[in-house]
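Notes follow once the structure below has been shown.
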Amino acid sequence: MVLNPSENQITQLIYVSKRKSIVDDDEAQKILETSRKNNDTCGIKGVLLVLPEYFFQVVEGPSKNIDELMNRVENDTRHCELKVLSKKALSGYEFGVWSMVNVNIDTENADSFVVLNRLAKTESPTEGQLKGMYFIFKGLSQPPC
Ligand SMILES: Cc1cc2nc3c(=O)[nH]c(=O)nc-3n(C[C@H](O)[C@H](O)[C@H](O)COP(=O)(O)O)c2cc1C
């Protein structure tokens, strides 16, 4: 997709929401497929982390497209209690490829899991917690070597 100059402004939005118990791994896979198809056509990139109880998502793209996406996502009944953790303007993408990470609890990511789970339950996250979350996203979204 080619962006025209007025669309150069990129918005990055990060949220956490509560995954409804009816959303099994197949349903999460469907969310990924829809997201990949739709996001590709409107310059949106990011990461969706699927935890047993929560979704974390980073989306980046032209501001208008992010607003439109969030209108749909906020009304999606497969999750609830959506809380925006961060929203800022960027001059370029920080998460260059769209990806979804299904975070299974294992010894390698146990620490990340504990941090994210704690963050999901925190009323007002601190700057430090948000920074930690950002680096966890970056680490988990790296393609395997
Ligand atoms: C946690 C979560 C994350 C989602 N992320 C996206 C997304 O990044 N892009 C997207 O198009 N739809 C996403 N969806 C799905 C939308 O809420 C909505 O169902 C979908 O955009 C409708 O697409 P359609 O009109 O092509 O069926 C997400 C849903 C959930 C529950």
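Observations on the model:
- Residue among 91, 35, 112 with the largest mean-square fluctuation in a Gaussian network model of the chain, springs linking Cα atoms under 10 Å: 91
- Dipole magnitude for the chain: about 280 debye, using +1 per Lys or Arg Cβ and -1 per Asp or Glu Cβ, origin at the Cα centre.
- Highest-fluctuation residue, 120, 110, 89 considered, GNM on the chain with Cα pairs under 10 Å: 110
- Overall size of the stretch 5-140 from C-alpha positions, given as principal axis extents largest first: 45, 33, 26 Å.
- Largest-first ellipsoid semi-axes for the stretch 54-132, taking √(5λ) over the Cα gyration tensor eigenvalues, angstrom: 23, 16, 15
- Report summary: the helix-based calculation at 222 nm, which adds -39500 (n - 2.57) for every DSSP H run with n ≥ 4 and divides by the residues of the chain, gives -12000 deg cm²/dmol.
- Amide hydrogen proximity for residue 79: with H placed 1.01 Å from N in the peptide plane, the residues at 5 or more positions away or on another chain lying under 5 Å are 20.
- Proximal aspartates and glutamates to residue 83, defined as alpha-carbon separation beneath 18 angstrom and excluding residues fewer than eight positions away on the same chain: 53, 60, 67, 68, 74, 123, 127
- Value of relative contact order over the chain, rounded to a whole percent, pairs C-alpha under 8 Å and six or more apart: 32 percent
- Applying the criteria of a DSSP loop state and at most 16 other Cβ atoms within 10 Å to the GluC sites (Glu not before Pro) of the stretch 23-68 yields 53.
- Helical segments meeting 15 Å axial Cα length and Kyte-Doolittle -0.5 threshold in the chain (DSSP H): 110-121, 127-140
- Projecting the Cα positions of 31, 100, 77 onto the charge dipole of the stretch 5-140 (unit charges on Cβ atoms of Lys, Arg, Asp and Glu, taken about the Cα centre) puts 77 furthest along the positive direction.
Values quoted throughout were computed directly from the atomic coordinates according to the rules given, and no laboratory measurement underlies them. Remember, predicted model here, so these are calculated numbers, not experimental data. Here the Cβ is made from the backbone with ideal geometry for all residues, glycine too, and neighbour counts use every protein chain on show.
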